[in-house]
Amino acid sequence: MRKIIIDTDTATDDAVAIIMALKCSDFDVKAITTVAGNVDLDLATINALYTVELCDKNTSIYKGSSGPLKRRLETSKFFHGRDGLGDTGPYQPKRKEEKENGVDKIISLINSDPNEIEIIAIGPLTNIARAFMKDSSIINKIKSLYVMGGIGEGKGNITEHAEFNFWVDPDAADIVLNSGAEVKVIAWDTTQLYGYLDKNNFDDLEKINTSLSRFSIDIQQRGLEYYKVKYNEHKIDLADPLAMAAMIDDSETEYKSCNIKMILSGEERGKDIISFSEEGKVKLASKISRNNFLNTLKNSLV
Ligand code: RIB
Ligand code: CA
């Protein structure tokens, strides 16, 4: 079994990614740590607790950072809704989060099981950066680190220059991506190519007709309306589920080695500037199996 930490700003796509992880027979999710991003920390935590309960699991959840390292928190409630789950709530999970802080939990799990823990970060990188700053020895003890973030070789989604996770906390992204850790990055460019759901895909998901599939479809409706108005398309890009599908089965993913320079302020704040290099510790996904994404997603919702 693979030992996993999910670091998340739990909103509409994060919730589906969490379901995929909890339903993966090869994953032992040791902890879910929450971070402010799409919504504030309390809501991200409530949404994670609710999603875990929906999967009939009792995975422990730990609150992490309530805001970026240096900047004021700016959420994406305009897209994910005030509650972060497409305003389909309110959700009152039965359980509470653990008392231990999420950043400390990341450190303790890695130190107690060196080279065994795999992390997927699907929100701003504030918790991961804080963990690296608090105990830099963990950088070389992580078995794998997957990050959903950045524009890769494409354009941004929160500004034309930047993708949301890296835009919210560019300082944290800079620390993590230049820490020396090997980081697998699934950026917004591959999400738009391989990680979208169109009308036919939703029709397939509707046929599953389980509590998980209905929840996963319902919480996307607000985002679908946004896409309809903005792009006149029945479509949505599910960044975090694509990253999770790549982590679950990386066999068909192609990566290019690179170094990343982060722009920390100004009009291009949050921009990841890619320099391809064989020596680069950042592995940028350039091709991801759309079939693997769709099949893993569907199999997770039955
Ligand atoms: O840009 C997409 C990312 O920003 C996803 O992680 C989504 O949940 C939002 O956090
Ligand atoms: Ca997210």
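The values are calculated or read from the model by the stated rules, or taken from the named source; none is laboratory data. All values reported here derive from a predicted model rather than from experimental measurement. Every residue, glycine as well, gets a Cβ built from its backbone with ideal geometry; the counts of neighbours run over all protein chains shown. Side chains included, ligands, DNA and RNA excluded: accessible areas come from the protein's heavy atoms. Shrake-Rupley method; radii C 1.70, N 1.55, O 1.52, S 1.80 Å.
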* Asked: If a residue has to be away from ligand 1 (no atom under 12 Å from the Cβ), assigned to a loop (DSSP other than H, G, I, E, B) and open to solvent by less than 10 Å² (accessible area, probe 1.4 Å) to count, how many in segment 122-147 make the cut?
  -> 0
* Asked: For Gly150, are the conditions met, namely being open to solvent by 10 Å² or more (accessible area, probe 1.4 Å) and within 16 Å of ligand 2 (Cβ to nearest atom)?
  -> no
* Ser144: among the polar types (S, T, N, Q), closer than 14 Å to Thr8 by Cβ, within 15 Å of the chain's Cα centre (by Cα) and at pLDDT 95 or above, yes or no? -> no
* Structure fact -> All conditions in (1) over 11 Å from the mean Cα position of the chain (by Cα); (2) within 16 Å of ligand 1 (Cβ to nearest atom) are true of Ala11 except (1)
* Structure fact -> Checking Leu177, Leu212 in turn, the sole residue that is open to solvent by less than 30 Å² (accessible area, probe 1.4 Å), more than 15 Å from the chain's Cα centre (by Cα) and away from ligand 1 (no atom under 16 Å from the Cβ) turns out to be Leu212
* Please name all residue pairs, on different chains or six or more residues apart, with Cβ atoms under 6 Å, provided the first residue is in segment 222-247 and is of a type in the set (Phe, Trp, Tyr) and the second residue is open to solvent by 10 Å² or more (accessible area, probe 1.4 Å). => Tyr226/Phe79; Tyr227/Glu233; Tyr227/Lys235
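What strands (runs of 3 or more DSSP E) completely inside segment 1-76 contain at least 3 residues that are under 22 Å from Lys298 (Cβ atoms) and β-branched (Val, Ile, Thr)?
Where strands (runs of 3 or more DSSP E) fall fully within segment 1-76 and carry at least 3 residues being under 22 Å from Lys298 (Cβ atoms) and β-branched (Val, Ile, Thr), they are 2-8.
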* Are any residues in segment 82-121 in contact with a strand residue (DSSP E or B) (Cβ under 7 Å, 6 or more places away or on another chain), of a type outside the set (Asp, Glu) and open to solvent by 10 Å² or more (accessible area, probe 1.4 Å), and if so, which ones? -> Asn101, Lys105, Leu109
* Can you find a residue in segment 8-17 that is more than 13 Å from ligand 2 (Cβ to nearest atom) and under 27 Å from Val229 (Cα atoms)? -> no
* Which one is farthest from ligand 2 (Cβ to nearest atom) among residues in segment 23-51 that are free of Cβ contacts under 8 Å to residues at least 40 places away in the same chain and surrounded by fewer than 24 Cβ atoms within 10 Å (Cβ to Cβ)? -> Ser25
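Only one of these is over 27 Å from Ser25 (Cα atoms) and surrounded by 15 or more Cβ atoms within 10 Å (Cβ to Cβ): Lys281, Lys228, Lys298, Lys261. Name it. Outline the logic, then answer.
Working: Lys228 fails: surrounded by 15 or more Cβ atoms within 10 Å (Cβ to Cβ); Lys298 fails: over 27 Å from Ser25 (Cα atoms); Lys261 fails: surrounded by 15 or more Cβ atoms within 10 Å (Cβ to Cβ).
Going through Lys281, Lys228, Lys298, Lys261 in turn, just one is over 27 Å from Ser25 (Cα atoms) and surrounded by 15 or more Cβ atoms within 10 Å (Cβ to Cβ): Lys281.
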* To do: Scan segment 153-174 residue by residue and report those that are in contact with a Ser or Thr (Cβ under 8 Å, 6 or more places away or on another chain) and more than 13 Å from ligand 2 (Cβ to nearest atom).
  => Glu153, Pro170, Ala172
* May I ask you to list the residues in segment 178-198 that are in contact with a Phe, Trp or Tyr (Cβ under 9 Å, 6 or more places away or on another chain) and more than 22 Å from Arg290 (Cβ to Cβ)? => Ser179, Ala181, Val183
* Kindly provide the set of residues from segment 153-174 that are hydrophobic (A, V, I, L, M, F, W, C) and open to solvent by less than 10 Å² (accessible area, probe 1.4 Å), ordered by number. => Ala162, Phe166, Val168, Ala172, Ala173
